[in-house]
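Okay, so here's the structure we're looking at.
Every number in this text was worked out from the coordinates using simple rules, so none of it is lab data. Keep in mind that this is a model prediction, so the values were computed, not measured. Because the Cβ atoms are built from the backbone with ideal geometry, glycine has one as well, and the counts that use them run over all protein chains shown.
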């Protein structure tokens, strides 16, 4: 979604700037050309071709930024170890941490039906336990909600679904967990950072999850 929005924005901006330019009297001479039209002339590109190229560059930049976030989180996860908190006693809630983060984990089956982003009513107990723990230990601290998917299907669909699920968890935390809207940020991770193999149903189940990371 982010990539599509940025691409459309870039294309619209470039087309708007091209429409304001005067047409050269001689197609072989870039008369009164601005810096933008001179580049188009030198490359022998049409305005449509230049727009497509610009949109592609914006999309590539968005992918690069997303990949950087994913790599950073992979490195962070490698340093996390299991944490035992007395207030967390549900088997479906896991906690891992280091000196910077505590990360509460929930599998998809606890929160969502397959291919859905609406939180199940049965997930309330687990989310309540997590939000109470955060309020007790880290009230006012920044919280990141990370959504993950398995590797089946289209990569962009997986990222979009993980974004919708992370947004649903954020909405629940803000509405029910005594957190402010600005305190909670979203990180749609898609199929990146798997915790198990994607070759088996059991492994894919583990990879479809939501993690709630608190910055200490």
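Report the extension gain between residue 90 and residue 120 in nm, rounded to one decimal, defined as 0.36 nm multiplied by the number of residues separating them, less their alpha carbon distance.
Full extension from residue 90 to residue 120 adds 9.2 nm.
Can you sort 114, 124 by how many other beta carbons sit within 10 Å, fewest first?
Ascending Cβ contact count within 10 Å gives the list 114, 124.
Can you list, bin by bin at 5 Å, the percent of alpha carbon pairs in segment 96-216, starting at 0?
Per 5 Å bin, starting at zero, the Cα-Cα P(r) for segment 96-216 comes out as 2, 12, 23, 25, 19, 12, 5, 1, 0 percent.
Need the full-extension length gain, residue 215 to residue 142, defined as separation in residues times 0.36 nm minus the C-alpha distance. One decimal, nm.
Contour length minus the Cα-Cα distance gives 25.7 nm.
Under 8 Å for C-alpha pairs, at least 6 residues apart: give me the relative contact order for segment 80-215, rounded to a whole percent.
Relative contact order for segment 80-215 comes out at 31 percent.
With 10 angstrom as the radius, rank 208, 152, 96 by how many other C-beta atoms surround their C-beta, starting from the fewest.
152, 96, 208
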